[in-house]
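Notes follow the structure.
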Amino acid sequence: LVDAISAPFGSPDIIVHAAGVNTRQSADDVTAAGWDQTLALNISAPFFLTQALVPAMKSKGWGRIVNFASLQTTRAFPGGSAYGTTKAGIAQMTRAMAEAWSPFGITANAIGPGFFPTELTQAVFLDKDRAARNAAQTCLQRNGRLEDIDGPMLFLCSDASGYVTGQTLMVDGGFTAK
């Protein structure tokens, strides 16, 4: 995979881990298969892919790793046992990546999005009442728009964040502030 990624333009300087899965199984209904799938995609894949890309970043003395956390990084939601566990793990994995690789000029940070319309949250946004309740829980009284991620992402991927590593930046309209 690393060879395929690197072939067109050389090895990446920036890696963003935004893929994820949420089985939305209640704690009583979590299956071993659902648990394993969630851990594999949400934790194992970003770690091992980053581990494989880090040597090239080390050789350049520069790199940026951006992981995607969640509101469930610090708060439990119904049906989120496996997902929430992995997103809490993302915060710790981000700190561990920072500790291991920042001495080589590689920063590792995470973005913790609030309520955004994505493939993963489509069911939530199709329910207008539920989407309105989510918006009401934020300081800004609205749900996120995809462009709300642009500025934080550009910051974490640029030299402007050169002294920022091991952090989770919540981009949640103030949900976690309430």
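The values are calculated or read from the model by the stated rules, or taken from the named source; none is laboratory data. Quantities reported herein were computed from a predicted structural model and do not represent experimental measurements. Virtual Cβ from ideal backbone geometry, glycine too; neighbours counted across all protein chains shown. Side chains are part of the model used for accessible areas, which takes the heavy atoms of the whole protein and leaves out ligands, DNA and RNA. Shrake-Rupley method; radii C 1.70, N 1.55, O 1.52, S 1.80 Å.
Scanning the stretch 40-56 for residues that are open to solvent by less than 60 Å² (accessible area, probe 1.4 Å) and touching a helix residue (DSSP H, G or I) at 6+ places or on another chain (Cβ under 7 Å) turns up 42, 43, 50, 52, 53, 54. Considering the conditions (1) surrounded by 15 or more Cβ atoms within 10 Å (Cβ to Cβ); (2) on the phi < 0 side of the Ramachandran plot; (3) touching a residue at least 12 places away in the same chain (Cβ under 8 Å), residue 166 is excluded by exactly one of them, (2). Residue under question is residue 113, and the condition is that it be open to solvent by 20 Å² or more (accessible area, probe 1.4 Å) and touching an Asp or Glu at 6+ places or on another chain (Cβ under 7 Å); does it hold? When the stated conditions are applied, residue 113 passes them. Identify, from the list 45, 69, 19, the residue that is modelled with pLDDT under 95 and within 19 Å of the chain's Cα centre (by Cα). Answer to the selection: 19. State whether the residues of the stretch 93-115 include one that is under 19 Å from residue 175 (Cα atoms) and part of a helix (DSSP H, G or I). Looking for residues that are under 19 Å from residue 175 (Cα atoms) and part of a helix (DSSP H, G or I), one finds none in the stretch 93-115, hence no.
Number of residues in the stretch 65-88 that are under 14 Å from residue 167 (Cα atoms), open to solvent by 10 Å² or more (accessible area, probe 1.4 Å) and out of contact with any Gly (no Cβ under 9 Å at 6 or more places or on another chain) equals 1.
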